[in-house]
1. Going through B:130, B:144 one at a time, which residue ends up being within 18 Å of the chain's Cα centre (by Cα) and free of Cβ contacts under 8 Å to residues at least 60 places away in the same chain?
2. With respect to residue A:113, is the statement that it is more than 16 Å from DNA strand C (Cβ to nearest atom) and not in a helix (DSSP H, G or I) true?
3. Of the residues that sit in the stretch A:46-60 and are of a type in the set (Gly, Ala, Ser) and in contact with a strand residue (DSSP E or B) (Cβ under 9 Å, 6 or more places away or on another chain), which one is farthest from DNA strand C (Cβ to nearest atom)?
4. Within the stretch A:1-45, restricting attention to residues that are hydroxyl-bearing (Ser, Thr, Tyr) and more than 11 Å from DNA strand C (Cβ to nearest atom), which residue is farthest from the other protein chains (Cβ to nearest Cβ)?
5. Could you check residue A:25 against (1) in contact (Cβ under 8 Å) with a residue 24 or more places away in the chain; (2) out of contact with any strand residue (DSSP E or B) (no Cβ under 6 Å at 6 or more places or on another chain); (3) not hydrophobic (A, V, I, L, M, F, W, C) and say which number it fails?
6. Give the residue that is modelled with the lowest pLDDT, with candidates limited to residues of the stretch A:116-152 that are among the small types (Gly, Ala, Ser) and out of contact with any helix residue (DSSP H, G or I) (no Cβ under 9 Å at 6 or more places or on another chain).
7. Going by what's in this entry, would residue A:190 be described as surrounded by 12 or more Cβ atoms within 10 Å (Cβ to Cβ) and either on the phi > 0 side of the Ramachandran plot or not in a strand (DSSP E or B) (or both)?
8. In the stretch A:88-117, what count of residues is obtained for those that are more than 26 Å from the chain's Cα centre (by Cα) and not charged (D, E, K, R)?
Number of protein chains: 2
Amino acid sequence: MKRGLLLYIAEKTGLFSELQTSTTRIAEALSVSQQSVSRLLIDLEKGGMIERKVSSGGLAIALKKKGRDQLQNEFTVLKRLFHPERKLKGKVVDGFGEGKYYIEKYKLKIKEAMGFTPFPGTLNIKTDRIKVKSFLMDVDPIKINGFATSDRSFGSIELYRVNVGGVAGAIIKPERTRHDDNVIEVIADVHLRKKMGLKENNVVELKK
Amino acid sequence: MKRGLLLYIAEKTGLFSELQTSTTRIAEALSVSQQSVSRLLIDLEKGGMIERKVSSGGLAIALKKKGRDQLQNEFTVLKRLFHPERKLKGKVVDGFGEGKYYIEKYKLKIKEAMGFTPFPGTLNIKTDRIKVKSFLMDVDPIKINGFATSDRSFGSIELYRVNVGGVAGAIIKPERTRHDDNVIEVIADVHLRKKMGLKENNVVELKK
DNA sequence: ATTACTAGGCCGCGAGTAG
DNA sequence: TCTACTCGCGGCCTAGTAA
């Protein structure tokens with residue numbers, strides 16, 4: 001609760017200004033009792049987190065350096081955690097030629113969603129499942145819904161825009177993975193492997 | 001405490017991987033009892049924050065989406081708070097000619113610290129104390145220590161590199177403010193007012 | 001070794017109320 | 001009105017211990 005109150009003060013003051021308010025008002029905003037707010041404010045003051053001036057009919061509070069630092073430390077920790085990777089490296093691996101078949105099926109929908117007609121085939125890159133998650137954490141995929149032909153049905157896929165060696169492309173993820181999810185498939189409007197002169201085990205770098 | 005534990009898991013797993021550990025180990029790291037860790041982990045699991053697999057001789061934990069989202073929300077809040085202003089606007093106001101006198105005294109030291117010889121005079125800009133703090137929050141000032149001549153003593157000053165209309169300069173802050181701290185003084189190696197054709201009340205923009 | 005139950009104590013919360 | 005004290009209750013913690 002103490003932390004919540006400190007954050008509330010930080011937000012209301014924009015870190016630096018002074019906030020004219022009352023314990024009742026804060027209590028309502030945070031859904032705690034007026035008494036608790038009073039007590040917690042005193043605690044925060046004792047801890048050197050805030051400055052607190054009581055006057056008849058209300059109080060003025062402001063963050064002190066220690067309080068700002070406390071929050072900034074938390075921010076630093078979270079920033080390190082959530083700072084998404086800007087690059088993703090992996091090695092070229094051979095696919096099973098499946099990609100070509102599937103891309104043909106989704107071709108029109110991909111064109112519609114991404115603005116380019118995909119080359120019929122995927123560049124398969126072996127990397128690390130966890131790195132992939134961290135790399136894609138901050139981007140929302142473009143989803144293409146599944147559909148059915150007279151023969152069979154095709155599941156939904158997700159596309160994430162990426163840049164491969166200067167070419168705009170996308171990571172394509174089937175909703176139901178066909179293989180090991182340490183391998184990702186990349187599409188573009190050109191034959192990436194040929195254009196970039198890639199062979200098995202060559203290192204490729206993806207950017208966002 | 002619950003929050004601390006969630007953060008601990010997030011850090012140890014890098015958000016996505018699985019952590020092999022034991023309640024005792026976590027307890028030591030967080031300075032709480034093994035029993036509390038056990039209970040809190042169960043709570044977090046019930047709340048859908050983590051996944052928890054108990055095996056003989058230890059346990060494996062991983063964050064679930066809800067847990068990551070919780071932390072990311074906190075991150076977003078703090079990010080908004082700590083995202084420093086990139087620009088600072090203010091209006092030109094007249095000084096009292098004092099600046100010229102002082103700059104002369106500190107000239108050599110400023111040259112040494114900043115790499116330019118300051119024009120003898122300051123551009124005084126009226127803005128907002130709080131905006132100034134927010135603008136300067138993420139930069140460390142260059143400090144010039146005070147000194148004394150045979151006549152009198154001069155206090156320490158702090159310099160913050162800024163860009164004014166394309167010119168590299170600095171905000172100069174005396175340790176003991178001579179005037180209203182809603183007014184800041186800017187120096188550069190040219191006569192800013194003349195070079196930029198500024199008159200009283202014109203708006204100026206500072207960048208970092 | 002482990003995890004996690006039970007029991008008991010402490011601490012924080014809110015209701016009542018004084019100033 | 002305001003803040004903040006006292007006090008009783010409940011939830012959270014840890015110690016002991018079973019499995």
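1. Working: B:144 fails: within 18 Å of the chain's Cα centre (by Cα).
Going through B:130, B:144 in turn, the sole match is B:130.
2. On the way: more than 16 Å from DNA strand C (Cβ to nearest atom): yes; not in a helix (DSSP H, G or I): no.
It is false that residue A:113 is more than 16 Å from DNA strand C (Cβ to nearest atom) and not in a helix (DSSP H, G or I).
3. So the first thing to find is which residues in the stretch A:46-60 are of a type in the set (Gly, Ala, Ser), and the list is A:47-48, A:55-58, A:60.
If we keep only those that are in contact with a strand residue (DSSP E or B) (Cβ under 9 Å, 6 or more places away or on another chain) too, we end up with A:58, A:60.
Numbers: A:58: 12, A:60: 16 Å.
Ranking the candidates gives A:60 first.
4. Narrowing the stretch A:1-45 to residues hydroxyl-bearing (Ser, Thr, Tyr): A:8, A:13, A:17, A:21-24, A:31, A:33, A:36, A:38.
Still in the running and more than 11 Å from DNA strand C (Cβ to nearest atom): A:8, A:13, A:17, A:21-22.
On the way: A:8: 11, A:13: 9, A:17: 5, A:21: 17, A:22: 22 Å.
If we take residues in the stretch A:1-45 being hydroxyl-bearing (Ser, Thr, Tyr) and more than 11 Å from DNA strand C (Cβ to nearest atom), then A:22 is farthest from the other protein chains (Cβ to nearest Cβ).
5. Looking at each condition in turn, residue A:25 falls short on (1).
6. First, pick out the residues of the stretch A:116-152 that are among the small types (Gly, Ala, Ser): A:121, A:134, A:146, A:148, A:150.
Subset that is out of contact with any helix residue (DSSP H, G or I) (no Cβ under 9 Å at 6 or more places or on another chain): A:134, A:146, A:148, A:150.
Details: A:134: 86, A:146: 91, A:148: 90, A:150: 90.
Ranking the candidates gives A:134 first.
7. Details: surrounded by 12 or more Cβ atoms within 10 Å (Cβ to Cβ): yes; either on the phi > 0 side of the Ramachandran plot or not in a strand (DSSP E or B) (or both): yes.
The answer is yes for residue A:190.
8. To start, the set of residues in the stretch A:88-117 that are more than 26 Å from the chain's Cα centre (by Cα) comprises A:93-108, A:117.
Now restrict to residues that are not charged (D, E, K, R): A:93, A:95-97, A:99, A:101-103, A:106, A:108, A:117.
Number satisfying all stated conditions: 11.
The values are calculated or read from the model by the stated rules, or taken from the named source; none is laboratory data. None of these values were measured; they are calculated from a predicted model. Every residue, glycine among them, receives a Cβ derived from its backbone with ideal geometry; neighbour counts consider all protein chains shown.
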